Amino acid sequence: MNKLVNFLSNNITTMIIRCVTLLCVLFAIQHICSAQQQYRIVYNVLEDREKDNYEIYSMNMDGTDKKNITNTPGVEWVYYAYKDKVYYVSDKDTCHRCYFLYEMDANGNDKRKITNLQLEDSWMGSRKNGAEMIVAGRVGKLRQQLYIINMKDGNYKQILADTVSYKADPMFLPDGRIVLRYRPDRKLRLTVPAELWVMDEEGNNKKQLTSFPKSDTTTPWFEYHAGPPQYNSKYNFISYLSRQNKQTQIYVTTTDGKSPSQITSGNLSSGWHSWSSDGEWLALDKSSHEGKGFDIYLVNFKTKKEIRLTDSDKTEQAPVIVEVKK
């Protein structure tokens, strides 16, 4: 009798575990299927290293339906999305790596050039429901300056007009403040890392949000100490990547630089990333700690469930989650 009871007990326990596991899988699938109807992921692929050819690909949230949506011989790189619009830089019809801003949807349709302002290789952001975009640009020999672009007519104006500081990867917070990678004196790049700062449009009320550990001497000056910044609208925090102790991981901080914490870890480095517009999904690239073998991953921020979306031999980086046009 005892053997029968133990047998039934063990089998019932096994069945319960299997049922719970199945429910978890079905729950994850349901979440991804729901997200799949709402979003796609666009990302950058090194198509041909010898020709320095980068293309932009698009895929579903479960990694299906991968396709090249730019198909040009030069460099295209996606940086940002607002609702169903994808914003990327391209050097087509100009000199090699001379970047200009373009727009398209998640499937590569409705491409258009936005402005004649030449851009830096830098992340960007928008405000006023996508009507204006903040970018790092250049005019002649004047580099690493911030501009606000009117997305309707392509006109632009310069802000924070100084030639002393280093400025890159700007974005807007909902309250209108600017977050960017900033170094007060660009000439000190070998000794003073660029950190995340917040300030208003006039460059006033500056506040440093991140502080790289002074005890960590493993990160070369040209590696990311902090940045580029990304904003999570649901949880109201800023995320950024930082290379510390010979590995790159993603960190978060409040919009006032409080409560910094690390949100990724493990045997792989986590780098360029973006959030879905509802704040629930994190798309990111992962690689070895030595910076080899880049692939795209997707994480449900609430459940922490992670799936790998790419596994090719190509370098696949910097995913951006974009809403699907309805």
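For the list (1) closer than 28 Å to GLY293 by Cα; (2) of a type in the set (A, V, I, L, M, F, W, C); (3) free of Cβ contacts under 8 Å to residues at least 24 places away in the same chain, I need the number of the one condition that ILE41 fails. Just one mismatch for ILE41, condition (3).
Among the residues of segment 283-312, those identified as out of contact with any Asp or Glu (no Cβ under 7 Å at 6 or more places or on another chain) and farther than 15 Å from MET59 by Cα are SER287, SER288, HIS289, GLU290, GLY291, LYS292, GLY293, THR303, LYS304, LYS305, GLU306. Within segment 102-143, being of a type in the set (Asp, Glu) and surrounded by fewer than 16 Cβ atoms within 10 Å (Cβ to Cβ) holds for ASP110, ASP121. Pairing residues of segment 95-123 that are within 27 Å of TYR182 (Cα to Cα) with residues that are in a loop (DSSP other than H, G, I, E, B) and of a type in the set (Asp, Glu), at Cβ distances under 7 Å and at least 6 apart in sequence or on separate chains, gives ARG97/ASP91; CYS98/ASP91; TYR99/ASP91; TYR99/ASP121. Pairs meeting the criteria (first residue in segment 170-184 and aromatic (Phe, Trp, Tyr), second residue crowded, with 16+ Cβ neighbours inside 10 Å and outside any strand (DSSP E or B), beta carbons under 8 Å, at least 6 apart or on different chains) are TYR182/SER165; TYR182/ALA194. Only a single criterion out of (1) under 20 Å from VAL179 (Cβ atoms); (2) without any contact (Cβ under 8 Å) to a residue 60 or more places away in the chain; (3) part of a strand (DSSP E or B); (4) not small (Gly, Ala, Ser) is not satisfied by TYR231, namely (2). Being in contact with a strand residue (DSSP E or B) (Cβ under 8 Å, 6 or more places away or on another chain), surrounded by fewer than 16 Cβ atoms within 10 Å (Cβ to Cβ), hydroxyl-bearing (Ser, Thr, Tyr) and closer than 23 Å to TYR231 by Cα: is that true of SER259 here? Answer is yes for this residue.
Within segment 303-322, the set of residues being of a type outside the set (A, V, I, L, M) and within 16 Å of TYR87 (Cα to Cα) comprises GLN317, PRO319. Of the residues contained in segment 249-257, none is found to be part of a loop (DSSP other than H, G, I, E, B) and over 21 Å from the mean Cα position of the chain (by Cα). Comparison of TYR224, TYR231, TYR240 shows that the only residue that is within 16 Å of ILE134 (Cβ to Cβ) and at pLDDT 95 or above is TYR231. Selection of segment 313-326 for residues being in a strand (DSSP E or B) and either among the polar types (S, T, N, Q) or over 16 Å from ASN60 (Cβ atoms) (or both) yields THR315, GLN317, ALA318. Restricting ASN232, ASN245 to those that are of a type in the set (S, T, N, Q), surrounded by fewer than 20 Cβ atoms within 10 Å (Cβ to Cβ) and over 19 Å from ARG127 (Cβ atoms) reduces the list to ASN245.
Could you say whether any residue in segment 72-86 is assigned to a loop (DSSP other than H, G, I, E, B) and within 19 Å of the chain's Cα centre (by Cα)? Scanning segment 72-86 turns up at least one residue that is assigned to a loop (DSSP other than H, G, I, E, B) and within 19 Å of the chain's Cα centre (by Cα). Restricting segment 111-138 to residues that are in contact with an Asp or Glu (Cβ under 7 Å, 6 or more places away or on another chain) and of a type in the set (A, V, I, L, M, F, W, C) leaves a set whose member that is nearest to THR163 (Cα to Cα) is ALA136. A single member of LYS302, LYS286 is free of Cβ contacts under 8 Å to residues at least 24 places away in the same chain and assigned to a loop (DSSP other than H, G, I, E, B), and it is LYS302. The residue pairs whose first member lies in segment 144-163 and is more than 20 Å from GLY203 (Cα to Cα), whose second member is assigned to a loop (DSSP other than H, G, I, E, B) and among the hydroxyl-bearing types (Ser, Thr, Tyr), and whose beta carbons are closer than 7 Å, counting only pairs six or more residues apart or on different chains, are GLY154/THR115. Could you please let me know if TYR147 is more than 19 Å from TRP272 (Cβ to Cβ), surrounded by 17 or more Cβ atoms within 10 Å (Cβ to Cβ) and in contact with a Gly (Cβ under 9 Å, 6 or more places away or on another chain)? So TYR147 passes the test.
Which condition does ILE296 not pass, out of (1) in contact with a Gly (Cβ under 6 Å, 6 or more places away or on another chain); (2) surrounded by 22 or more Cβ atoms within 10 Å (Cβ to Cβ), if it passes all the others? Answer for ILE296: the failing condition is (1).
The values are calculated or read from the model by the stated rules, or taken from the named source; none is laboratory data. All figures in this text were calculated on a predicted structure; none of them were measured in a lab. No Cβ is skipped: glycine too gets one built from the backbone with ideal geometry, and neighbour counts run over all protein chains shown.
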